[in-house]
Protein chains: 2
Amino acid sequence: MGTHFASHATASHRFPKFVVSQGAANVEGAVVQRVDSGTILFAEGDDAECVFEVVSGTMRLYKALADGRRQITGFASGGQMLGLAPERHYVCTAEAVTPMVLRRYQRRAFDRRIDSEPGMARRILQAVSNELRMAQDQMLLLGRKSAVEKVASFLLRLAETEADTETVDGDVADRIDLPMGRGDVADYLGLTVETVSRTFTKLRNDGLIALPTPSSVEILDSGQLRELAAGVADDGGMLRRAAGW
Amino acid sequence: MGTHFASHATASHRFPKFVVSQGAANVEGAVVQRVDSGTILFAEGDDAECVFEVVSGTMRLYKALADGRRQITGFASGGQMLGLAPERHYVCTAEAVTPMVLRRYQRRAFDRRIDSEPGMARRILQAVSNELRMAQDQMLLLGRKSAVEKVASFLLRLAETEADTETVDGDVADRIDLPMGRGDVADYLGLTVETVSRTFTKLRNDGLIALPTPSSVEILDSGQLRELAAGVADDGGMLRRAAGW
DNA sequence: CGGCAGATTGACACTAATCAACATGGGTGG
DNA sequence: CCACCCATGTTGATTAGTGTCAATCTGCCG
């Protein structure tokens, strides 16, 4: 790891837009709300007054250190709920990657439903548990995977969620659209923009993926990608060759 | 990061004891259970048939890659619940670091109480949310902190939890007992044993901590430790000195 | 067409991993 | 009771993998 000075933080990271446009349609306690990309929906430490549901678009959820180093803890899109955990304050910052449509609920109304509806708390628990499971996978990725393994895992995860929303079976999509830029991917995987870029290039040169544009990826060899993601520690035979096996 | 081959995995990691001794006392659906250190209480992927509560001792919770690389996602001690999330399978492995006393509940009985008692689901939700918050802190640590920052954060976190259980105020304990070895600390922080050891030594030489024994730490300068943990990127003036400021 | 943000590539620096030797210390058997 | 042994921890030398700094490329929008 380097010296960590946030030399690559861009202006949009440092001075994000705090404007939150007010929505219109009101359906059973929900307010539909439209926000521009770059909008900070809520910041780490804010009073958790609302719960949000993503209708369309992608958000980045992150925590940051004093000097600007940032760790994206997850991306939220299509149907995902934000601010579910019954904490007094938001535990991370939520910022729009793309223009978005959201449903906003008042925390108080939400809590009432939790206490009244029998199955409600259970459903929320299910959602939070799911987040926890993903968080633990991410810890394994951040703590123990190499750059290629991280990127491979990331691509496969995206491919699976895209396949879930588009198809019925548990297959992976062969074409992924990346709503976020290299900087976001880097902050998600605990890498730098340059390393992410180099790793994409390496995977392309090795024939595992194609990059029609920087923001769209085609998966050419999902098998090898999966091996990398699972951490089989196959480095293309470099070790074997070096040792003369 | 290195080549990741688990050359430092010890025999106890590879061939842990799977024996789980059967307990005796039965209090309102709970079975008290005693296990030796090294015992695997449950493994990642096992059917989640029981919920456990730690009475005494410390457990490591971890996920592992195919080649043995291991990421400890957390340590569980005094009063903490394991296997709360309503998943069909355990999402990580739980192994005793020290000899332990546990209370074991049947999952089915637990689910019944969740559905019957109104406040129950909410309390579980609270516990799972707390785990999620800690998981996100850990992601920030793993993805964006340097070795010293990681170790400083780790020590402070331990000191705070020890203070919570011993004192009333929010102060930190000045003396910490580490139930786990350097290997566990390394796998928790995404480092190697050697780096953890070197970092402890560095903190001792800098006068921030004392090490009466390898498994007990005294905090001498919690202020500077906190600065390190918060990521103020103060490297003790190394940069300035090197550049001749 | 020009400008600019994002992405890529290259050269180099540096952190932490690897490999290896040595220290410590708690337990066991003679 | 002491010597040995093995697990654990520490320290040293070297290197691999990423980070950093800097230049260049690409594509989009005014």
Using the 7 Å Cα-to-Cβ label point, sort the distances from B:Asn130 to its equivalents in the other copies shortest first and give them in nm to one decimal.
2.5
Step through the residues of the range B:129-139 one at a time and calculate ³J(HN,Hα) from phi using the Karplus curve (6.51 cos²θ - 1.76 cosθ + 1.60, θ = phi - 60°), rounding each to whole Hz and writing x for Gly and Pro.
4, 4, 4, 5, 4, 5, 4, 6, 4, 5, 5
Please compute the Kirkwood hydrodynamic radius of the range B:11-137 from all pairs of different C-alpha atoms, in Å with one decimal.
15.2
Please give the Cα centre distance for the range A:105-131 versus the range B:43-82, rounded to the nearest Å.
26
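What is the calculated FRET efficiency for A:Glu117 to A:Glu49, with r their C-beta to C-beta distance and R₀ = 30 Å, to the nearest 0.05? Mind dumping the intermediate values first?
Numbers: r = 21 Å, r/R0 = 0.69.
The formula returns an efficiency of 0.90 here.
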Taking amide H positions as placed 1.01 Å from N in the peptide plane, with prolines and chain starts having none, which residues 5 or more places from B:Thr73, or on another chain, fall under 5 Å of its amide H?
B:Leu61, B:Tyr62, B:Lys63
What list of ³J(HN,Hα) values in whole Hz, one per residue of the range A:30-38 in order, does the Karplus curve 6.51 cos²θ - 1.76 cosθ + 1.60 (θ = phi - 60°) give from phi, with Gly and Pro shown as x?
9, 10, 7, 9, 10, 9, 7, 5, x
Charge dipole of the range B:11-137 about the Cα centre (unit charges at C-beta), most positive-ward option of B:Gly119, B:Ala96, B:Ala135:
B:Ala96
Given +1 on the Cβ of Lys and Arg, -1 on the Cβ of Asp and Glu, and no further charges, what dipole in debye does the range B:171-238 carry about its Cα centre, rounded to the nearest 20?
180
Projected label distance in nm at A:Asp174 and A:Ala210, using a 7 Å step from Cα toward the beta-carbon
0.9
Measuring from a point 7 Å out along Cα→Cβ, what nm distances, shortest first, does A:Glu117 have to its partners in the other copies?
2.3
Between chains A and B, what is the buried accessible area summed over both chains (1.4 Å probe, protein heavy atoms, nearest 100 Å²)?
4900
FRET efficiency for B:Gln126 and A:Thr201, using Cβ-Cβ distance with R0 set to 35 Å, rounded to 0.05:
0.15
Of the listed pairs A:Lys202/B:Lys63; A:Lys63/B:Lys145; A:Lys202/B:Lys145, which have alpha-carbon separations greater than 23 Å here?
A:Lys202/B:Lys63; A:Lys202/B:Lys145
Which ³J(HN,Hα) values, rounded to whole Hz and listed in residue order, are derived for the range B:191-204 from phi using the Karplus coefficients 6.51, -1.76 and 1.60 in 6.51 cos²θ - 1.76 cosθ + 1.60 with θ = phi - 60°, glycine and proline given as x?
10, 9, 3, 4, 5, 4, 4, 4, 5, 4, 4, 4, 5, 5
Considering only the label points, 7 Å along Cα→Cβ from Cα, what distances in nm to one decimal separate B:Glu227 from the same position in each other copy, shortest first?
5.0
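The values are calculated or read from the model by the stated rules, or taken from the named source; none is laboratory data. Since we're looking at a predicted model, the values are computed, not measured. Here the Cβ is made from the backbone with ideal geometry for all residues, glycine too, and neighbour counts use every protein chain on show. Accessible surface areas use protein heavy atoms only, side chains included; no ligands, DNA or RNA. Shrake-Rupley method; radii C 1.70, N 1.55, O 1.52, S 1.80 Å.
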